[in-house]
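Below is one structure, written out as structure tokens; the observations come after it.
The values are calculated or read from the model by the stated rules, or taken from the named source; none is laboratory data. Just so it is clear, the structure is predicted and the values come from calculations on it, not from any experiment. A quick note on method: Cβ atoms are made from the backbone with ideal geometry, for glycine too, and the neighbour counts reach across all protein chains shown. We work out accessible area using only protein heavy atoms, side chains counted, and drop any ligands, DNA or RNA first. Shrake-Rupley method; radii C 1.70, N 1.55, O 1.52, S 1.80 Å.
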Amino acid sequence: MEIEISATSALVLNWTNNHIWKTKEAIEYMDEIDLSEGDSILKLFSDEENYMHTQSVTNRKCFMRQSAVNFLKKCKAKKINGQVIILAAGIAPLSIELAALFPHAAIFDVDKYLMQEKEMDIRKMFKDKLNNIQFVKSDITNIAELESRLLKDGWKPDEKTLLIMEGITYYLKEVDLKYILEYFCNKNTSLACDFLLNYDDIHESTRKFGLDVFGKIKESVGLDFVESYAPEYFMNMLSEIGFKNP
């Protein structure tokens, strides 16, 4: 595989139990990815930390996968194709899994980096399969650019869409997150996302895991900030924007 991935991307995939992927396409894709770039950061964590983070990341990805599968099953039952937009998709195989399971659904991988390389590798590996994935290169905080490129690649805002924001809300300033959510909430869009808890909202027995991981990542890659939220605040923000719990 030609993709040169970042250490943080490799770290997250190293912390993913690949048993969550059920299609041969997603499994084959993951087998081809070299995750050694993440070894330098991986070594910063103890065995206990690596175990805890593997559970956390795997459960997160399992939730996103199941949310998308349930959404597309409901669309199929209503005889509509459904659309899934994955923001900050990176090289993760979620789009491959969904495209293989639901060949009539429209899947959009969106990221500022690696979309051309990911597309080239997938087209090379799977030939004429998985043509229902569109690879959209865009800064997700630039709403005008994001909208333009999604529309160009076939997104239909009036048709049912699931927006997935996995592992990205903590790297966005709150104002940028709100702009993204407000834009998509005004379309025919449902949301699946995760967020980072504030220090005081993490159980003290596991608090060190939530704090240390971002401290080490920030130090390793030079992040300026990591955004965290109290659960009630985050859910109220979503509600005020217009998203509702099903």
**Lys24 paired with Asn198, simple spin-label distance in nm, labels 7 Å along Cα-to-beta-carbon** = 5.1 nm
**Fill in**
In Å, the Kirkwood hydrodynamic radius from C-alpha pairs for the stretch 74-123 sits at 11.6 Å
**Complete:** Along the stretch 195-208, Karplus-curve 3J(HN,Hα) (6.51, -1.76, 1.60; θ = phi - 60°) to the nearest Hz, with x for Gly and Pro, reads 8, 8, 6, 4, 3, 6, 9, 9, 4, 4, 5, 10, 4, 4
**Shape call, the stretch 48-197: gyration tensor on alpha carbons, a/c limit 1.5** = rounded
**Message:** Tell me whether the stretch 176-215 comes out rounded, prolate or oblate; compute the Cα gyration tensor, take square roots of the eigenvalues as a ≥ b ≥ c, and use a/c under 1.5 as the rounded threshold.
**Reply:** prolate
**Message:** Once you order the gyration tensor axes a ≥ b ≥ c over the Cα atoms, which shape class does the stretch 100-189 get: rounded for a/c under 1.5, otherwise prolate or oblate by comparing a/b with b/c?
**Reply:** prolate
**Complete:** Averaged per residue, the 1.4 Å probe accessible area of the stretch 156-246, protein heavy atoms only, in Å², is roughly 56 Å²
**Item:** Karplus (6.51, -1.76, 1.60) ³J(HN,Hα), θ = phi - 60°, over the stretch 162-177, in Hz, Gly and Pro reported as x
**Value:** 10, 9, 10, 10, 9, x, 10, 4, 6, 9, 10, 5, 4, 5, 5, 4
